[in-house]
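Some notes on the structure that comes next.
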Amino acid sequence: MHPDSSTQSPPAVQDVSRSKKLQLLGILSGFAAGAWLGAAEAPTKLVAIGISPMVISLIMVVGVFLARWSLPALILGTSSVRADVRRAPHLVIWALLAGCLWAVANTLTIFAIRDIGLSIAFPLWNSNSLLGILWGFLFFNELRRAGGRRRAGVLGGALVMCLGATLLAIASSGHGPAAHSLHGVCAALGAGILWGAMYIPYRKAYLTGMNPLSFVTFFSFGELGMMTILSVSSLGLGPLWQELLSARSVIFWLMLGGFVWVIGDIFQQYAAKYAGISRGIPLSNSNQLWGLLWGILVFGELHGRNSSIYLEVIGGSLLMMLGVGAIALSSATGQEQTRWKEAAIRESNRYGVAADFVAARMDGRQLAGEVKPSRRVLDWLLVVAATSVFVIFAAMARVPQMSLHWAPAALLTAVLFLFLIVSGLALWRTTRFN
């Protein structure tokens, strides 16, 4: 007998322990995503100083594009992206489709913020949580064999979130331009539907073994292409160029918003991978609370409103957070994860991806003997190029003439970096960002 055998856990125990650790990692990633995705929408408040929503969305997408290439190059290197594409080339199409959906949804959020405000619009477009739960159940075996208590936790949490969103929709009709409040509500709900559909490609990608950092790289081409088409067709090439020139002093802030969004979206991708879309998406939609904090504390959105509006907005947000908490406590059991693996086998057979590769990636590890990702000269050039673009526009930037409170902004920013450090280290130690 091996001298250390008495202290080693059986494989089955190790598998259960690993599974629980990955579930907790997915939950942590979901909350980190919420904080960063919430902060990313703050620059869209620039719509209040007269910049076209189309221009705001286009510039944000440019920032997103730069970040989606430079961050994966910095973390793992583009060699990892090329390896994933060779194994599962079909996922490039799904990533492009998801990017197109994101671009349209993001544009709708700009109109929603303009018409009903950040603190109201956030919970409305987070109706995508309900669609995430539905698609996860119908297509990817999520919540199958989950047990009555966990299924009730997820579905009950979703119902509470829906009630909270309804309360906020009622509150939205009590302030803002009467002619546009309904348009804002429709825009926010439309964004939620499109983002809900976008999670189907997410889950297909991760059940087939693609690294989240690879997926977001190709996702960016769909975003930028669709947003360019929308902007040119809506405004015309000449007027669009003139608006970009007139907005050059705030381009940096909007691109920074896109960069912050990418950090949040990367965490959301890992939440979707390790907690599933029926749990990971509602968890990342805790961004509605962060949107509320940015909207009220930093931008003073509800300043001067009567107490009933405050009660409706805060009460609705707390209801939604209660629902998120219920979902977070309803982690997947071993039996449910067995059904996840069945869905993964189905996807791998459909697209001809090696089963051992899919199994390893679901477990957050590399195959034995697989070449470890490394950064090369091209990767550093990408990072330098993206950084240079940001520096150039930062030199042109001016602080917008709008009312905001810097102390709460600094505090919220500090919390963001705390989430980044804690969640980033957890992902690295547990999965090496696989």
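The values are calculated or read from the model by the stated rules, or taken from the named source; none is laboratory data. For clarity, every value in this text was computed on a predicted model and none was experimentally measured. Using ideal geometry, Cβ is built from the backbone for each residue, glycine included, and neighbour counts are taken over all protein chains shown. Only protein heavy atoms, including side chains, enter the accessible area calculation; ligands, DNA and RNA are left aside. Shrake-Rupley method; radii C 1.70, N 1.55, O 1.52, S 1.80 Å.
A compact table of results
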| quantity | calculated |
| --- | --- |
| Per-residue HN-Hα couplings for the stretch 27-34 [Karplus 6.51, -1.76, 1.60; θ = phi - 60°; Hz; x = Gly/Pro] | 5, 4, 4, x, 6, 5, 4, x |
| Overall form of the stretch 234-294 per C-alpha gyration tensor (a/c, 1.5; a/b vs b/c) | prolate |
| Length gained when the stretch Ile392-Leu318 is fully extended (0.36 nm per residue, less Cα-Cα span) | 22.5 nm |
| Estimated inter-spin distance, Leu134 and Arg82, nm [label 7 Å along Cα→Cβ] | 4.2 nm |
| Estimated distance in nm for a label pair at Tyr351 and Trp428, the labels positioned 7 Å out from Cα along Cα-to-Cβ | 2.9 nm |
| Dipole of the chain [Lys/Arg +1, Asp/Glu -1 at C-beta], most positive-end residue of Ala359, Val415, Trp261 | Ala359 |
| The chain - mean residue ellipticity at 222 nm from DSSP helices (-39,500 (n - 2.57) per run, n ≥ 4, rounded to 500) | -26000 deg cm²/dmol |
| Efficiency of FRET between His183 and Ser17 - r from beta-carbon atoms, R0 45 angstrom, step 0.05 | 0.30 |
| Cβ-derived FRET efficiency at R0 41 Å, Ala385 paired with Arg145, nearest 0.05 | 0.25 |
| Pairwise FRET efficiency - Arg248 versus His405, Cβ, R0 = 25 Å, nearest 0.05 | 0.45 |
| About the Cα centre, charge dipole magnitude for the chain (Lys/Arg +1, Asp/Glu -1 at Cβ), debye | 900 debye |
| Portion, in percent, of the accessible area of the chain that falls on carbon or sulfur, probe 1.4 Å | 70 percent |
| Solvent-accessible surface (1.4 angstrom probe) belonging to Asp356, in square angstrom, nearest 10 | 90 Å² |
| Arg375, Arg350, Arg149, ranked by accessible area, largest first (probe 1.4 Å) | Arg149, Arg350, Arg375 |
| Accessible surface, the chain, averaged per residue in Å² (probe 1.4 Å) | 41 Å² |
| Normalised per residue, the volume of the convex hull around the Cα set of the chain (Å³) | 152 Å³ |
| With DNA, RNA and ligands ignored, accessible area of Lys204 (1.4 Å probe; Å², nearest 10) | 10 Å² |
